[in-house]
Amino acid sequence: MDVRVGGILLGLLLVLGEYFGSPWGITNQSFLNLFVLWLGAFFSANLFKECGLRIPANQEWTKSLIAGVLMGIGAFLAAGDNVTAFLMPFINLSAGSLVVLVGLWIGGLMGIKYQLKELEKKQQVKAIQVKFPKLNPLLALLSFGGLVWLCFKSWVFVFWAAIGMVLQKSNWCMVNTLKEPFFSEKNINTQSVVLTLGLAVLGIWGLKFYQVLEPYTYVLPNFGILGLVGGIIFGLGMLLAGSCGASLFAKSGEGDLKSFITLGVLLSCYKVLNSTIPLSFLQEGLKNLNIYLPDYFGYPGALLISLVVLGLWLTLSWWNVKTKKLLKRYYL
């Protein structure tokens with residue numbers, strides 16, 4: 001599946017999921033929701049015989065642990081991961097998402113510089129691949145049966161399973177969007193993320209404008225220093241992991257052990273911090289605010305701001321494709 005097709009499908013699924021009362025998220029969701037998401041990716045990977053154990057090189061085990069801790073700390077400070085603190089708040093017109101986006105880019109650039117140093121030292125070692133094509137059909141059948149049973153228990157799991165399948169088959173990932181200007185002459189991953197955000201923000205905007213949805217859904221108190229710092233730490237962790245919070249599910253569903261470890265450490269670290277440290281106290285002390293853009297700019301103004309941000313993002317990526325400025329400076 002072309003990643004841009006995946007971006008379109010994901011945007012539609014985000015709107016439908018929120019409309020039917022099951023909005024996407026990672027760090028703010030129950031284990032069962034996340035399991036269905038992972039199971040959807042696992043089913044898709046086995047159905048197309050793309051699932052097999054991927055054993056990382058020795059240094060990647062340490063990197064996966066460090067990445068998971070960084071992503072867990074970043075998610076705690078920013079009030080969520082890149083989906084919960086940026087993507088979903090962005091399409092729900094929360095100003096805090098813009099602060100988190102800046103943080104993700106800063107952290108991502110730090111991670112890219114580290115990766116470039118690794119390439120210079122030629123430290124990259126290929127992972128060991130263990131495939132089992134004869135077993136894939138059976139695993140696909142078993143996981144499909146599990147999905148059907150769970151969806152009969154609660155039909156909203158259909159959205160979670162579908163998101164997992166789309167993520168796995170399209171390879172949709174925000175890390176690819178951050179790396180693309182420096183390592184690729186194309187911008188298809190940027191197009192994909194912009195398509196997802198653009199379609200979803202139009203859909204959610206319409207539902208909120210016509211008062212179908214509660215207006216302050218996913219408007220988080222991360223407009224401030226915590227949102228920025230959390231985004232930076234999470235962005236750095238994403239680059240070390242090689243995956244964003246969403247694509248960790250897809251890659252671990254394909255049998256990538258590094259992603260599986262990173263995902264487990266991320267969720268564990270976030271849960272521990274969230275249950276032991278009073279984040280609301282930090283948010284109040286550092287004046288992190290809940291800002292709903294329509295309260296300040298009206299619904300037309302809020303939509304315009306969101307579309308301008310996406311337009312600038314896409315324009316800059318096209319500029320880099322034409323000029324190769326970042327590619328020449330950092331890679332060629």
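The values are calculated or read from the model by the stated rules, or taken from the named source; none is laboratory data. These numbers come from a predicted model, not from an experiment. Virtual Cβ from ideal backbone geometry, glycine too; neighbours counted across all protein chains shown. Each accessible area value is taken on the protein alone, full model and side chains, heavy atoms only, with ligands, DNA and RNA left out. Shrake-Rupley method; radii C 1.70, N 1.55, O 1.52, S 1.80 Å.
Separation between the L289 and I66 pseudo-spin-labels, each 7 Å from Cα along Cα→Cβ, expressed in nm?
A separation of 3.7 nm, rounded to one decimal place.
Along the charge dipole of the chain, which of C51, A85, L228 sits closest to the positive end, that is, farthest toward it, with unit charges on the beta carbon of Lys, Arg, Asp and Glu (+1, +1, -1, -1)?
Result: C51.
For the chain, with every protein chain kept in place, what is the accessible area per residue (1.4 Å probe, Å²)? Present the calculation step by step, with values, prior to reporting the outcome.
On the way: 15020 Å² over 332 residues.
Heavy-atom SASA per residue in the chain reads 45 Å².
Under 19 Å Cα to Cα from K271, which aspartates and glutamates show up? Leave out anything in the same chain fewer than 8 places away.
Qualifying aspartates and glutamates at Cα under 19 Å: D81.
Of the cross-linked pairs K126/K324; K126/K251; K113/K179; K49/K169, which ones have a Cα-Cα span greater than 19 Å in the structure shown?
Details: K126/K324 28 Å; K126/K251 16 Å; K113/K179 10 Å; K49/K169 11 Å.
Violating the 19 Å limit, Cα to Cα: K126/K324.
Give the aspartates and glutamates reachable from K134 as a straight Cα distance under 14 Å; neighbours fewer than 8 places away on the same chain don't count.
Partners within reach: E50.
Quick one: ranking K258, K117 by accessible area, 1.4 Å probe, largest first, what do you get?
Details: K258 25, K117 125 Å².
Putting K258, K117 in descending order of accessible area: K117, K258.
If the only charges are +1 at each Lys and Arg Cβ and -1 at each Asp and Glu Cβ, what is the size of the charge dipole of the chain around the Cα centre, to the nearest 20 debye?
Numbers: 25 positive and 14 negative charges, 231 e Å.
The calculated dipole for the chain is roughly 1100 debye.
Just how large is the dipole of the stretch 1-108 about the Cα centre, in debye to the nearest 20, putting +1 at every Lys and Arg Cβ and -1 at every Asp and Glu Cβ?
On the way: 4 positive and 5 negative charges, 30 e Å.
Its charge dipole is roughly 140 debye.
Spelling out what I want: for every residue of the stretch 307-318, take phi, set θ = phi - 60°, compute 6.51 cos²θ - 1.76 cosθ + 1.60 (Karplus), and round to whole Hz; glycine and proline get x.
5, 5, 4, 5, x, 5, 4, 5, 4, 4, 5, 5
Within the accessible area of the chain, what % is carbon and sulfur when the probe is 1.4 Å and the other protein chains stay in place?
69
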